[in-house]
1. Quick check on packing: order 183-194, 53-64, 302-313 by the mean number of other C-beta atoms within 10 Å, highest mean leading.
2. How many nm is it between the label spots at Glu140 and Glu377, if each spot is 7 Å from the Cα in line with the beta carbon?
3. Expected output is a single nm value to one decimal: the length gained when fully extending between Asp63 and Lys275, i.e. 0.36 nm times separation in residues minus the C-alpha distance. What is it?
4. Can you tell me the length gained on complete extension of the stretch Gln208 to Glu306, counting 0.36 nm per residue apart and subtracting the Cα distance?
5. Could the peptides 67-77, 101-111 be put in order, highest first, of the mean number of other beta-carbon atoms found within 10 Å of their residues?
6. Rank-order 86-92, 362-368 by packing density, defined as the average count of other C-beta atoms within 10 Å over each peptide's residues, highest first.
7. To the nearest 0.05, what FRET efficiency results for Gln130 and His43 with a Förster distance of 51 Å applied to their C-beta separation?
8. Rolling a 1.4 angstrom probe over the protein chains, ignoring ligands and nucleic acids, what is the accessible area of Arg298 in square angstrom, nearest 10?
Amino acid sequence: MIDFGKLVMAGQAAPMAIWLRDRGTERPTMLAELFAAAEDWRHSGKRLDLGRALAQVDPSLVDPLTGLPRGSPFGLYRELLGIHFFQDIIDQLRPLSETQGAIALASMLGLEPWYVFATVYPRRVRREEQDPTELDVPEEVIQWIGNWALGLQMIDVAGQAVLPEYIGRPVTAEPMVWPALLALRERIPHPLLIDEPERTDFIAAVEQWDRRIDERMFLIERASLAWVERYGEPPRSFARLRSGRPWRPWHYPDTFDPADGVLPQLLRAAVALVKGWGDQTPTLFSSAKVLEIWESSRAALGPLVESAYARTVARVLDIEWALRPSRTSQSVSDDLVWRLVLLEAILRESAGAVRALVAEPLEWIAEYRDVMEQFVEWTARFLRIGTQSG
């Protein structure tokens with residue numbers, strides 16, 4: 001008898017592993033770290049229990065024999081658990097779920113805003129509907145979270161079958177910088193967890209902001225192109241070349257795609273500077289050029305940079321002056337561009353989070369359906385290869 005459960009899990013894991021292999025030339029340590037964590041998780045004897053969170057709410061909701069929810073599981077997850085379902089999954093799969101590769105996969109599926117919110121939001125057993133920060137997580141998002149979790153728990157198995165060259169490779173873990181808001185979570189609050197009226201003020205700013213803006217107006221894009229000019233363009237993955245469109249891995253405007261693999265380098269340098277574990281950052285622009293580009297970026301950010309949340313972020317980054325209209329007399333330090341990169345990154349990432357979590361969650365997840373279809377194609381290819389080799 002065919003074990004369809006294992007086929008589904010292997011099928012979800014295989015395309016993810018292939019995608020990561022395609023990115024292997026860009027971030028090889030991310031792939032090695034993911035496989036090592038997956039193997040450690042499996043050898044620890046843990047297993048993914050999709051009914052665990054529901055059983056904590058009400059044991060009668062879970063079948064004692066199968067351990068699976070009774071009735072419609074996704075509906076139960078959505079109504080009773082919401083974002084806490086994702087929290088429970090992350091906890092069960094830890095440390096596998098906290099690797100750069102796991103977060104990259106969440107980003108590929110459009111789940112990154114939910115991942116970040118689940119990581120910073122206070123843990124509860126069940127939803128508290130009276131709490132204004134409790135999110136109404138769509139059922140489709142819950143389903144994709146399940147796909148993400150099933151794929152992660154089997155990715156080492158798929159990896160051993162498809163990518164044997166990565167098994168046993170030594171791992172050099174990189175600092176967590178994906179995404180920037182998660183990397184600086186102990187210093188900079190999530191935009192949906194700040195007090196009223198600042199929270200409502202930022203949500204309104206996101207609704208007013210036109211995100212489809214010429215990328216040349218932004219600091220991050222200009223810095224990315226300057227980085228490429230100085231260090232060369234990193235290799236592009238097969239998946240990126242085949243898609244013909246940006247993956248938008250950081251949930252920035254649709255136009256963002258200056259060079260694959262550059263943005264992580266920029267943010268790693270910027271986060272290192274602010275967190276204190278890095279003190280030498282490349283000089284990409286002259287002082288005058290930094291201010292010139294920031295003026296353009298400030299205009300492109302519009303209502304986002306005028307919000308109270310922007311002032312909070314700027315205060316933490318020690319660049320409050322950058323939000324004021326007149327800055328001609330301000331002296332410019334060598335690390336200014338990196339602090340401004342973080343300010344812009346966090347505002348744009350937070351705007352994406354508000355879109356995904358509050359403003360238009362169904363429209364947001366629909367934008368990533370083509371990626372899921374690509375996963376289905378890879379799954380079919382993997383199963384055909386497995387059948388032929390067997």
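1. So the order, starting with the most tightly packed, is 302-313, 183-194, 53-64.
2. Reported label-point gap for Glu140 and Glu377 is 2.0 nm.
3. 71.6 nm
4. Result: 34.1 nm gained on full extension.
5. 101-111, 67-77
6. Top of the packing list down: 86-92, 362-368.
7. Plugging the Cβ-Cβ distance into 1/(1 + (r/R0)^6) gives 0.75.
8. 60 Å²
The values are calculated or read from the model by the stated rules, or taken from the named source; none is laboratory data. Being a predicted model, the structure only gives us computed values, none of them experimental. Neighbour counts run over all protein chains shown; Cβ positions are idealised from the backbone, glycine included. Ligands, DNA and RNA are excluded from the accessible area calculation, which covers all protein heavy atoms including side chains. Shrake-Rupley method; radii C 1.70, N 1.55, O 1.52, S 1.80 Å.
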